[in-house]
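Engineer: I have a structure I would like to understand better, so I am pasting it below and will then ask my questions one at a time.
The values are calculated or read from the model by the stated rules, or taken from the named source; none is laboratory data. Every value quoted in this text rests on a predicted model; they were computed, and no experiment measured them. In this analysis, Cβ positions are derived from the backbone assuming ideal geometry, glycine residues included, and neighbour counts consider all displayed protein chains. Note: accessible area is taken over every heavy atom of the protein model, side chains too, but ligands, DNA and RNA are not part of it. Shrake-Rupley method; radii C 1.70, N 1.55, O 1.52, S 1.80 Å.
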Amino acid sequence: MFELASKLFNTLGYIIAIAFFFSRFKSAKNIFIREKHTKKDTIILSIVFSGLAILGTYIGVDYKGAIANTRNIGVIVGGMLAGPEVAIISGIVAGIHRASIGVSQLTAIPCSIATVLGGFITSYLYKKANSNNRSLLGFFAGVFVENLSMLLILILSNNRILALDIVKNLYLPMIFINGIGVAVIIIITEEILEEKEREAGTQAKLALEIANQTLPFFKKGESLDNVCKILLQSLKAETVVITDKNFIIANAFKNKDFCMKYQSIQSDATKKVLSSGEVLIFDRDSELNDFWYSEKGIKSCIITPLFQDERVSGTLKIYFKNEENITVRKKYLAIGLSQLISTQLEISKIENLKTMARDAELKALQAQINPHFLFNALNTTASFVRFNPSKAREIIIDLSTYLRYNLENTDKLVPLEKELEQVKAYINIEKARFQDRIEVIYDFDQNLENLKIPSLTIQPLVENSIKHGLLKRSGSGKVKITIKKTYLKCLISIEDDGIGIDPEIIKNINNKIEKNIGLKNVHNRLKLIYGKGLNIERLSNGTKISFYIDQEEK
């Protein structure tokens, strides 16, 4: 018996060594740590542990025609570590193999039945297992299956004396070796896999390093291309892309010779993330993929949504050349980075507004109290006091409305009706001053009560039309203010038949300009809030300025 136990220990050593080296492979570890195995993973693991079980049969020790073996270790370890499907498949394959080889028909059928049942028993125990009890449950599974095997030998054997002799001499070595072997292999494998916890600490450190490196670029409002380059190097990726809801706004490539073919979003995968707000991970075999227009050799990608104001505002896309690069930890790291970028973009937007207020004197830019306008309005009021007191009173009320709105509403969203009250107050004052030279047409849709708009957005545009369009032409002129609902948006346009805007202003609207500062400010604020600024058109007679705002109640 002791000689037999010694030989079984040797065979157990082979099994442990093979299991150890397999679990050390990076691809194997990646399969084990996935939250959910793919069909490919299950097939690979089933082949490995079935092979381990079959090897246990072949390197077993012969005893009077029976095989003292470690076959059940492969089945049980595979099931406890890789799940029910692997346990059942490995058990069936190893059991059929044991029944088919022409060694000791006395024990072949009982042992094969025990191995198959061992797979089903292990699949049940897997559901009860956790990191604290997995090795213990594996030990009991090994002991139980070997007991079942011995019992079946006694029940199904035609040669009672030989069956008793085999059980008497094999029972303790088989029970001990298989039970201890399962527990030891599970412990060793889990220890190797627990490296992922230590790697998680490394990932956290990496995330902090990325945050520290990217923060200065967000603070300075520099190109997001620099942020993409940092992510590219830190994640060992092939390509990193940041998009808004319609366009690619930043990217970085490991291959310097590669360039993006499109600036607008082309892939259905990206559009799906933008619409669902959910993370998407895929490879070239996925139904939706992002590779048909990207660099050759890329095999996997993770797309995470970016959020602003709790709404999807864009995506972060990270491409790899190896499918194994997208582990669970890397998935969560990408999600964390997308949240970091979303937060930094939000902060950057706020900082940009503050910078505008500081550098360009936001109060003046938002068409607040203009001394010349105030002086002219007071002169107009004074001229009406003597011969038309009621008109003078109306001008004072309009001036009060105009000034109050400018003082109370700065840099925030306000109801559209409030904005229009201020616009009408301004127009009434100017019409009182210039009489029939100004005609204003209002074309508004109904049910605009819930619509909100950045304060002091329409009035500077109307002022621009009157001051730089109508009043610089001879005779009278018209300004048309249109507000129309479209799908999920609201179109606002101001059109005049004045002298027409200078084409240089349209050309340089995104650059620093010294004049038409109110126009420039409105354009910048709309871009910061909605992602797109003013659309300015020079007409054959006059100018048309339009923009869209969201219909959602904010």
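Engineer: If you take the residues of the stretch 516-546 that are crowded, with 20+ Cβ neighbours inside 10 Å and among the charged types (D, E, K, R), which of them is farthest from the chain's Cα centre (by Cα)?
Structural biologist: Residue satisfying both the conditions and the ranking: K520.
Engineer: Sticking with this one: Considering only the stretch 65-163, give the helices (runs of 4 or more DSSP H) lying wholly within it that have at least 2 residues that are among the basic types (K, R).
Structural biologist: Once the helices (runs of 4 or more DSSP H) in the stretch 65-163 are filtered for at least 2 residues that are among the basic types (K, R), what remains is 105-128.
Engineer: While we're on this one: Looking at I113 and the list (1) under 26 Å from L162 (Cα atoms); (2) surrounded by 23 or more Cβ atoms within 10 Å (Cβ to Cβ); (3) under 49 Å from the mean Cα position of the chain (by Cα), which single condition is not satisfied?
Structural biologist: For I113, the failing item is (2).
Engineer: Additional query: Test I509 against the stated conditions and say whether it is assigned to a loop (DSSP other than H, G, I, E, B) and either among the basic types (K, R) or under 20 Å from N246 (Cβ atoms) (or both). Walk me through how you get there before you give the answer.
Structural biologist: Details: assigned to a loop (DSSP other than H, G, I, E, B): yes; either among the basic types (K, R) or under 20 Å from N246 (Cβ atoms) (or both): yes.
Yes.
Engineer: Follow-up question, since we're still on this one. If you take the residues in the stretch 319-329 that are at pLDDT below 75 and open to solvent by less than 40 Å² (accessible area, probe 1.4 Å), which one is farthest from E278 (Cα to Cα)? Working first, answer last.
Structural biologist: To start, the set of residues in the stretch 319-329 that are at pLDDT below 75 comprises 322-329.
In the following step, the residues that additionally are open to solvent by less than 40 Å² (accessible area, probe 1.4 Å) were identified as 325-328.
Details: N325: 20, I326: 16, T327: 17, V328: 15 Å.
Only one residue fits best here, namely N325.
Engineer: Which number in (1) open to solvent by less than 30 Å² (accessible area, probe 1.4 Å); (2) at pLDDT below 85; (3) assigned to a loop (DSSP other than H, G, I, E, B); (4) of a type outside the set (S, T, Y) marks the one condition that G500 misses?
Structural biologist: (2)
Engineer: Can you find a residue in the stretch 423-445 that is touching a residue at least 24 places away in the same chain (Cβ under 8 Å), buried (at least 21 other Cβ atoms within 10 Å of the Cβ) and under 44 Å from the mean Cα position of the chain (by Cα)?
Structural biologist: yes
Engineer: If you go through the stretch 505-512 one residue at a time, do you hit one that is open to solvent by 10 Å² or more (accessible area, probe 1.4 Å), touching a residue at least 40 places away in the same chain (Cβ under 8 Å) and not hydroxyl-bearing (S, T, Y)?
Structural biologist: no
Engineer: Still on this model: Please find, within the stretch 34-81, the residue that is farthest from S100 (Cα to Cα) out of those that are of a type in the set (S, T, N, Q) and in contact with a helix residue (DSSP H, G or I) (Cβ under 6 Å, 6 or more places away or on another chain). Let's see the steps before the verdict.
Structural biologist: Kept after step one, since they are of a type in the set (S, T, N, Q), are these residues of the stretch 34-81: 38, 42, 46, 50, 57, 69-70, 72.
Next, only the ones that are in contact with a helix residue (DSSP H, G or I) (Cβ under 6 Å, 6 or more places away or on another chain) stay: 42, 46, 50, 57, 69-70, 72.
On the way: T42: 24, S46: 19, S50: 15, T57: 12, N69: 16, T70: 17, N72: 16 Å.
Among those residues, the one meeting the criterion is T42.
Engineer: Here is a check on your reading of the model: is K489 in contact (Cβ under 8 Å) with a residue 60 or more places away in the chain, open to solvent by 70 Å² or more (accessible area, probe 1.4 Å), under 19 Å from S546 (Cβ atoms) and touching a Phe, Trp or Tyr at 6+ places or on another chain (Cβ under 8 Å)?
Structural biologist: So K489 passes the test.
Engineer: Check L274, L316 and return the single one that is assigned to a strand (DSSP E or B), at pLDDT 80 or above and either under 29 Å from L413 (Cβ atoms) or open to solvent by 30 Å² or more (accessible area, probe 1.4 Å) (or both).
Structural biologist: None of the others qualify; the one that does is L316.
Engineer: Moving on. Could you tell me whether I396 is among the hydrophobic types (A, V, I, L, M, F, W, C), in a helix (DSSP H, G or I) and surrounded by fewer than 17 Cβ atoms within 10 Å (Cβ to Cβ)?
Structural biologist: Working: among the hydrophobic types (A, V, I, L, M, F, W, C): yes; in a helix (DSSP H, G or I): yes; surrounded by fewer than 17 Cβ atoms within 10 Å (Cβ to Cβ): yes.
Spelling it out, I396 is indeed among the hydrophobic types (A, V, I, L, M, F, W, C), in a helix (DSSP H, G or I) and surrounded by fewer than 17 Cβ atoms within 10 Å (Cβ to Cβ).
Engineer: When both residues are 6+ apart or on different chains and their Cβ atoms are under 6 Å apart, which pairs have a first residue that lies in the stretch 515-544 and is of a type in the set (V, I, T), and a second that is open to solvent by 40 Å² or more (accessible area, probe 1.4 Å)?
Structural biologist: I536/I506
Engineer: Could you tell me which residue of the stretch 95-109 is nearest to I166 (Cα to Cα), considering only residues that are surrounded by 24 or more Cβ atoms within 10 Å (Cβ to Cβ) and of a type outside the set (K, R)?
Structural biologist: Only one residue tops the list, namely T107.
Engineer: Further question on the same structure: Could you tell me whether I92 is of a type outside the set (S, T, Y) and either open to solvent by 10 Å² or more (accessible area, probe 1.4 Å) or touching a strand residue (DSSP E or B) at 6+ places or on another chain (Cβ under 7 Å) (or both)? Steps first, answer last, please.
Structural biologist: Working: of a type outside the set (S, T, Y): yes; either open to solvent by 10 Å² or more (accessible area, probe 1.4 Å) or touching a strand residue (DSSP E or B) at 6+ places or on another chain (Cβ under 7 Å) (or both): yes.
Spelling it out, I92 is indeed of a type outside the set (S, T, Y) and either open to solvent by 10 Å² or more (accessible area, probe 1.4 Å) or touching a strand residue (DSSP E or B) at 6+ places or on another chain (Cβ under 7 Å) (or both).
The rows are residues; the columns are (1) over 20 Å from L526 (Cβ atoms); (2) at pLDDT below 85.
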site	(1), (2)
K391	yes, yes
I396	yes, no
L403	yes, yes
D411	no, yes
E419	no, no
I427	yes, no
R433	yes, no
I438	yes, no
F444	no, no
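Matching residues to (1) out of contact with any Leu (no Cβ under 9 Å at 6 or more places or on another chain); (2) part of a helix (DSSP H, G or I):
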position: F434; (1), (2): no, yes
position: Y442; (1), (2): no, no
position: Q446; (1), (2): yes, no
position: V462; (1), (2): yes, yes
position: S474; (1), (2): yes, no
position: I481; (1), (2): no, no
